[in-house]
1. Looking at segment 204-219 only, could you name the residues that are of a type outside the set (Lys, Arg) and either open to solvent by 60 Å² or more (accessible area, probe 1.4 Å) or at pLDDT 95 or above (or both)?
2. Only residues in segment 122-143 that are in contact (Cβ under 8 Å) with a residue 12 or more places away in the chain count as the first member; pair them with residues that are buried (at least 20 other Cβ atoms within 10 Å of the Cβ) and charged (D, E, K, R), Cβ under 6 angstrom, at least 6 apart or cross-chain, and list the lot.
3. Of the numbered conditions (1) closer than 18 Å to residue 199 by Cβ; (2) within 24 Å of the chain's Cα centre (by Cα); (3) of a type in the set (Val, Ile, Thr), residue 173 fails exactly one; give the number of that condition.
4. In segment 108-125, how many residues are in a strand (DSSP E or B), out of contact with any helix residue (DSSP H, G or I) (no Cβ under 8 Å at 6 or more places or on another chain) and closer than 18 Å to residue 170 by Cα?
5. Pick from 49, 13, 86: which is modelled with pLDDT under 85, more than 24 Å from the chain's Cα centre (by Cα) and not in a loop (DSSP other than H, G, I, E, B)?
6. For segment 144-159, does any single residue satisfy the condition of being β-branched (Val, Ile, Thr), closer than 28 Å to residue 62 by Cα and without any contact (Cβ under 8 Å) to a residue 24 or more places away in the chain?
Amino acid sequence: MFARYADPTRRFRSHTVRHGSGVLTPQGIQTDTLEGSARGHLSLQQLERRCQRLGSFAKQLILPKQTHMYALGDAYRLPIRVSKLRDQPHLSKQELEYLGGFFDGDGCVRAHTDLSGCVLSVTQSVAQASILIMYYKAFGGGVYHHRAGRGFVRESMQWVGSANSASIAAKLTRVSHLKGKQLFIAAQWPHCREKRRAMAAELRYLKHTPQPLRLNVTW
């Protein structure tokens, strides 16, 4: 009964397919690549092609959304819903300057779509999300998922100021060196709808126009 399978490679060879200079096995792996890898003779071009294929595949992977994050020694379940602080914590000058400097780099001021006010937000990778918790503890608001992780890029989170964005902006305006004008608009948001439209247009202009650095050198 074993006569027809006297050659153990016969069935395997019948399922191989020629591919370029190598042979594709039923598992889709080129035998010349396997042999070259075993001998340690992979060429630079082969390694580059392999890295390109792996990189292209990795970019298509959408990472699962994180449900928790750890920051400043505590664990937080995500998302962190909007909260209003009953008692605003006292921030030292150094703490406020630190938050203002971070806002200059990664903060955003934008008008609500209905022009009812402004929204303040700070976006950061989940691996560096401690700063978002600092904003949350200092000003209230909430921390939400911003963009899903994909490939080698980590998921990003975003702190969003709550309804008291005007008071937050008023505090940050004093210590901001780059976005002071935007924060001032948010802090002084007008009641007149026509003026609100003008201020929203001014915000868009400031976002696309380099601003002079307002910095007092102390040394």
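1. 205, 208, 210, 212, 213, 215, 216, 217, 218, 219
2. Here the result reads 126/155, each pair linking segment 122-143 to a residue that is buried (at least 20 other Cβ atoms within 10 Å of the Cβ) and charged (D, E, K, R).
3. (2)
4. 2
5. Of 49, 13, 86, the one residue that is modelled with pLDDT under 85, more than 24 Å from the chain's Cα centre (by Cα) and not in a loop (DSSP other than H, G, I, E, B) is 13.
6. Yes, that holds for at least one residue.
The values are calculated or read from the model by the stated rules, or taken from the named source; none is laboratory data. Computed from a predicted structure; not experimentally measured. Note that each Cβ is placed from the backbone with ideal geometry, even for glycine, and that neighbours are counted across all protein chains shown. Remember, those area values only see protein heavy atoms, side chains included, never the ligands or the DNA or RNA. Shrake-Rupley method; radii C 1.70, N 1.55, O 1.52, S 1.80 Å.
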